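Novice: Just dropping this structure here.
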Amino acid sequence: MICVLTGGTGGAKFVDGLRQVMPSEEITLVVNTGDDLLWWGLYVSPDIDSITYVLSGMLSRERGWGVKGDTFLCLQAMGQLGEPTWFHTGDRDLAVHLLRSRLLAEGRTLSEATSIVCGKLGVKARILPMSNSRVETRVDTPIGELSFEEYFVQRWYQDPVKSVRFAGASDAEPAPGVIEAITSADAVLLAPSNPVTSIGPILAVPGIREALLSARGKIAAISPIVGNSPVAGPAGILMAAQGLPCSIAGVAQAYEDFLDILVCDTRDARAADALRKNGLRVQCTQTIMRSAEDKAALAREVLALVSPAPSSAESSTSDTSFRPLGRQP
Ligand code: GDP
């Protein structure tokens with residue numbers, strides 16, 4: 001069993017690789033909910049949606065979010081009614097938001113609603129929201145505090161960022177199953193997600209960092225930063241706002257108290273050497289995921305790194321449950 005901490009787009013690409021190389025039933029995902037928003041009165045959980053769609057084969061790989069082949073008729077109609085249209089939700093995507101919102105209105109928790117939606121869409125992996133309490137990522141800018149989606153989608157992350165905070169985090173509890181999934185997993189992986197606004201909110205939920213510190217499996221993170229820039233999006237700006245350099249050293253620093261292995265791009269070989277001198281295990285590989293093959297290759301490599309080396313007695317008789325498919329003896 002492996003546990004993956006993840007956000008939406010970068011995380012979804014990595015999870016797309018994982019599902020190709022290991023049984024989905026053996027994956028538990030702890031997903032950021034700091035980006036969640038009420039949109040047209042509906043509860044939208046962008047990162048849970050992206051992970052659900054990738055695992056059900058519905059994700060639009062071109063866009064990196066939403067449902068492939070979706071139409072946007074409702075969005076158009078809402079625009080005609082004078083409603084805001086900056087957050088794009090396709091028609092099929094909207095069906096998930098409608099169902100989730102109804103389940104929440106009936107008193108179900110976000111965990112329960114997620115599990116019901118996943119069951120209906122045939123997702124075999126276990127998707128857990130980081131918390132059932134509302135934790136909201138707030139980005140402080142010169143024009144005031146913005147929600148993450150206002151900062152990222154509505155305003156195209158053009159505003160200078162003064163700081164980031166996770167409103168409600170100190171009173172939040174991890175969702176049922178989260179702590180156990182982390183502590184008992186054979187390995188914990190941090191997807192190449194934004195360290196500040198995707199992994200940061202997860203780590204801000206009291207108890208989750210402590211669970212990582214007592215995890216029995218190895219903990220590996222894949223860097224979303226290559227050289228001195230993120231592969232995509234505002235991670236660099238947000239890391240700077242949190243006092244972290246935009247580099248693999250900054251990623252290592254964000255996770256330094258619990259990280260065993262950092263996976264970075266081959267282009268960061270020199271920076272990797274510097275980190276190794278500080279005692280961190282660093283593996284350089286091809287981390288840019290363009291094709292299905294790239295994703296599978298990265299997932300396979302990461303799983304091999306965290307796979308406990310079989311002892312000579314074990315190697316002839318048994319197998320670790322999460323050794324990547326295609327590399328089975
Ligand atoms: P969000 O919730 O949509 O922001 O999703 P994530 O936090 O999961 O994904 C955003 C991060 O993914 C960004 O910081 C990117 O740098 C990173 N990313 C996107 N594509 C790739 C890729 O192919 N390789 C790596 N290493 N990182 C990527």
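Each row is one residue, and each column tells you yes or no for (1) within 30 Å of ARG19 (Cα to Cα); (2) surrounded by 13 or more Cβ atoms within 10 Å (Cβ to Cβ); (3) hydrophobic (A, V, I, L, M, F, W, C); (4) out of contact with any Leu (no Cβ under 6 Å at 6 or more places or on another chain).
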residue: LYS68; (1), (2), (3), (4): yes, yes, no, yes
residue: LEU73; (1), (2), (3), (4): no, no, yes, yes
residue: LEU81; (1), (2), (3), (4): no, no, yes, yes
residue: PRO84; (1), (2), (3), (4): no, no, no, yes
residue: ASP93; (1), (2), (3), (4): yes, yes, no, yes
residue: HIS97; (1), (2), (3), (4): yes, yes, no, no
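Novice: Yes or no: ILE199 of a type outside the set (Asp, Glu), within 16 Å of the ligand (Cβ to nearest atom) and out of contact with any Lys or Arg (no Cβ under 8 Å at 6 or more places or on another chain)?
Specialist: In short, yes.
Novice: Just one of (1) out of contact with any strand residue (DSSP E or B) (no Cβ under 7 Å at 6 or more places or on another chain); (2) part of a helix (DSSP H, G or I); (3) within 16 Å of the ligand (Cβ to nearest atom) trips up MET289, so point out which.
Specialist: Against the list (1) out of contact with any strand residue (DSSP E or B) (no Cβ under 7 Å at 6 or more places or on another chain); (2) part of a helix (DSSP H, G or I); (3) within 16 Å of the ligand (Cβ to nearest atom), MET289 comes up short only on (2).
Novice: Would you be able to tell me the number of residues in the range 122-148 that are surrounded by 19 or more Cβ atoms within 10 Å (Cβ to Cβ) and within 25 Å of VAL15 (Cα to Cα)?
Specialist: 12
Novice: Please state which one of LEU259, LEU244 is in contact with a Pro (Cβ under 8 Å, 6 or more places away or on another chain) and either surrounded by fewer than 20 Cβ atoms within 10 Å (Cβ to Cβ) or in contact (Cβ under 8 Å) with a residue 40 or more places away in the chain (or both).
Specialist: Matching residue, one of LEU259, LEU244: LEU244.
Novice: With the requirement that a residue be crowded, with 21+ Cβ neighbours inside 10 Å, away from the ligand (no atom under 11 Å from the Cβ) and closer than 30 Å to LEU59 by Cα, what does the range 262-286 give you?
Specialist: LEU262
Novice: Out of GLU112, GLU180, GLU149, report the one residue that is in a helix (DSSP H, G or I), within 19 Å of the chain's Cα centre (by Cα) and more than 21 Å from SER198 (Cβ to Cβ).
Specialist: GLU180
Novice: All but one of (1) within 14 Å of the ligand (Cβ to nearest atom); (2) without any contact (Cβ under 8 Å) to a residue 40 or more places away in the chain; (3) not in a helix (DSSP H, G or I) hold for ARG165; state the number of the condition that does not hold.
Specialist: Evaluating ARG165 over (1) within 14 Å of the ligand (Cβ to nearest atom); (2) without any contact (Cβ under 8 Å) to a residue 40 or more places away in the chain; (3) not in a helix (DSSP H, G or I) leaves (1) as the failure.
Novice: Determine whether the range 168-176 contains at least one residue that is assigned to a loop (DSSP other than H, G, I, E, B) and closer than 27 Å to SER247 by Cα.
Specialist: no
Novice: So is LEU99 part of a helix (DSSP H, G or I) and either at pLDDT below 95 or of a type outside the set (Lys, Arg) (or both) or not? Full working, then the answer.
Specialist: Working: part of a helix (DSSP H, G or I): yes; either at pLDDT below 95 or of a type outside the set (Lys, Arg) (or both): yes.
Here the answer is yes, as LEU99 does meet what is asked.
Novice: Tell me whether the range 168-178 contains one or more residues that are at pLDDT 95 or above and more than 13 Å from SER131 (Cα to Cα). Before you say what the answer is, go through the steps one by one.
Specialist: Applying the first criterion (at pLDDT 95 or above) to the range 168-178 yields 168-178.
In the following step, the residues that additionally are more than 13 Å from SER131 (Cα to Cα) were identified as none.
No: zero hits.
Novice: Sticking with this one: What's the total number of residues in the range 228-250 that are touching a helix residue (DSSP H, G or I) at 6+ places or on another chain (Cβ under 8 Å), among the aliphatic types (A, V, I, L, M) and within 11 Å of the ligand (Cβ to nearest atom)?
Specialist: Let us first name the residues in the range 228-250 that are touching a helix residue (DSSP H, G or I) at 6+ places or on another chain (Cβ under 8 Å), namely 228-234, 239, 242, 244-250.
Filter again for among the aliphatic types (A, V, I, L, M), leaving 231-232, 239, 244, 248-249.
Cutting the leftovers down to within 11 Å of the ligand (Cβ to nearest atom) gives us 231-232, 239, 248.
Qualifying residue count for the region: 4.
Novice: So which of ALA191, ALA175 ends up being crowded, with 17+ Cβ neighbours inside 10 Å and more than 16 Å from the ligand (Cβ to nearest atom)?
Specialist: Unique residue meeting the criteria: ALA175.
Novice: Follow-up question, since we're still on this one. Between ILE182, ILE219, ILE208, ILE225, which is touching a Cys at 6+ places or on another chain (Cβ under 8 Å) and more than 16 Å from the ligand (Cβ to nearest atom)?
Specialist: Numbers: ILE219 fails: touching a Cys at 6+ places or on another chain (Cβ under 8 Å); ILE208 fails: touching a Cys at 6+ places or on another chain (Cβ under 8 Å); ILE225 fails: more than 16 Å from the ligand (Cβ to nearest atom).
Testing whether each residue is touching a Cys at 6+ places or on another chain (Cβ under 8 Å) and more than 16 Å from the ligand (Cβ to nearest atom) leaves just ILE182.
The values are calculated or read from the model by the stated rules, or taken from the named source; none is laboratory data. The shown structure was predicted, so the numbers you read here are calculated from the model rather than taken from an experiment. We place every Cβ from the backbone using ideal geometry, glycine too, and count neighbours over all the protein chains shown.
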